[in-house]
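Reading through the structure tokens given below for one structure.
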Amino acid sequence: MIRDRMAQMGFKNLSAYVRKMAIDGYYIKVDFKELFEVIRLLRIDSNNINQIAKAVNTYGCVDGKIISYMKAEHEKVLKKVEKCFDKYLEI
């Protein structure tokens, strides 16, 4: 049973697992895949904002449709960030 729990938590060394459990009494394994997805979306969002800034600096204006679209996409990213962090704060 100990080895099964050790494997579930990703420990390969029995000694390390026993020390961790003796000191803390528990172990929380967090899956960061969703957080990495949020980081990816934030990078895309930042790139889009930079492109708008470049267009404004180059041409002096940007089409309102582009701004509206970017704002909507930005709101989606912010909601995903909020959802992700709320999930991690529950832990």
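Every read-out reported here was derived from the displayed coordinates using simple, explicitly stated rules and does not represent laboratory data. If you're wondering where the values come from, they're calculated on a predicted model, not measured in any experiment. Cβ atoms come from the backbone with ideal geometry, glycine included; neighbour counts cover every protein chain shown.
Of all residues in the stretch 9-29, which are under 20 Å from Glu90 (Cβ atoms) and either in contact with a Cys (Cβ under 8 Å, 6 or more places away or on another chain) or surrounded by 10 or more Cβ atoms within 10 Å (Cβ to Cβ) (or both)?
Result: Met9, Tyr27.
Could you list all residues from the stretch 27-46 that are assigned to a helix (DSSP H, G or I) and among the acidic types (Asp, Glu)?
Glu34, Glu37, Asp45
Check whether at least one residue in the stretch 67-85 is hydrophobic (A, V, I, L, M, F, W, C), in contact (Cβ under 8 Å) with a residue 40 or more places away in the chain and part of a helix (DSSP H, G or I), and report yes or no.
yes
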